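I have placed the structure first, in the form of structure tokens, so that the comments after it can refer back to it.
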Ligand SMILES: [Zn+2]
Ligand SMILES: [Zn+2]
């Protein structure tokens with residue numbers, strides 16, 4: 001759902017002609033789950049949406065591009081990095097960035113702009129921006145819990161639920177690193 005003045009076609013693609021934005025800016029809501037799910041699929045991300053993903057975004061045009069700020073919410077599950085069980089991730093992040101037009105006179109080196117020029121018209125790819133913000137909001141190492149004990153590399157037992165006997169005799173520091181365990185011989 002898009003509020004205010006924007007033509008119907010903008011909703012579908014989330015490709016926003018920057019020069020048609022009102023001077024005070026416009027608001028957009030990206031809550032079409034098909035849009036999010038197709039990106040999750042395209043990027044081969046191993047995650048499932050458990051509470052709808054949505055971005056509420058304000059786009060304010062400026063001389064050299066536009067200011068984009070908004071809020072991202074939702075909930076997903078990803079496999080825990082240690083034990084591969086579901087790790088639930090709540091997303092509630094704010095973002096703000098300035099997108100330069102490709103011909104902006106202060107274009108930054110090597111930084112890809114999300115404004116492309118089509119038939120001389122600068123077009124903001126809002127879906128791409130929201131996708132990037134979504135990826136940035138994810139934890140680098142998803143964990144089911146901060147003290148997840150992980151799985152045994154020998155017998156694959158989930159050590160959160162059960163102990164195993166594989167390494168009881170001779171603790172191997174290389175395995176401990178793999179498991180993400182702290183080496184603490186006193187506790188053994
Ligand atoms: Zn885990
Ligand atoms: Zn084991």
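The values are calculated or read from the model by the stated rules, or taken from the named source; none is laboratory data. Bear in mind the structure is a predicted one, so any value in this text is a computation, not a measurement. Note that each Cβ is placed from the backbone with ideal geometry, even for glycine, and that neighbours are counted across all protein chains shown.
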Fill in the blank from the handout: When (1) at pLDDT 95 or above; (2) surrounded by fewer than 20 Cβ atoms within 10 Å (Cβ to Cβ); (3) within 24 Å of residue 33 (Cβ to Cβ) are applied to residue 60, the one that fails is (3)
Handout entry: Search result, residues across the stretch 1-57 that are modelled with pLDDT of 90 or more, closer than 20 Å to residue 132 by Cα and assigned to a loop (DSSP other than H, G, I, E, B)
Key = 31, 32, 43, 44, 45, 46, 47
Problem - Among the residues listed as 49, 77, 68, the single one being touching a helix residue (DSSP H, G or I) at 6+ places or on another chain (Cβ under 8 Å) and buried (at least 16 other Cβ atoms within 10 Å of the Cβ) - result: 68
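Look at residue 140 and say whether it is part of a loop (DSSP other than H, G, I, E, B) and farther than 21 Å from residue 95 by Cα. First the steps, then the outcome.
Details: part of a loop (DSSP other than H, G, I, E, B): yes; farther than 21 Å from residue 95 by Cα: no.
Judged against the criteria, residue 140 is not a match.
Conditions tested, residue by residue: (1) touching a strand residue (DSSP E or B) at 6+ places or on another chain (Cβ under 6 Å); (2) within 16 Å of ligand 2 (Cβ to nearest atom); (3) free of Cβ contacts under 8 Å to residues at least 24 places away in the same chain.
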{"residue": "36", "(1), (2), (3)": "yes, no, no"}
{"residue": "39", "(1), (2), (3)": "no, no, no"}
{"residue": "42", "(1), (2), (3)": "no, no, yes"}
{"residue": "49", "(1), (2), (3)": "yes, no, no"}
{"residue": "56", "(1), (2), (3)": "yes, no, no"}
{"residue": "63", "(1), (2), (3)": "no, no, yes"}
{"residue": "74", "(1), (2), (3)": "yes, no, no"}
{"residue": "79", "(1), (2), (3)": "no, no, no"}
{"residue": "89", "(1), (2), (3)": "yes, no, no"}
Exercise for the section: Please go through the stretch 154-164 and pick out each residue that is in a loop (DSSP other than H, G, I, E, B), surrounded by 11 or more Cβ atoms within 10 Å (Cβ to Cβ) and within 14 Å of ligand 1 (Cβ to nearest atom). Expected result: 156, 157, 159, 160
Fill in the blank from the handout: Picking from 130, 148, the residue that is surrounded by 15 or more Cβ atoms within 10 Å (Cβ to Cβ), under 17 Å from residue 85 (Cα atoms) and at pLDDT 90 or above would be 148
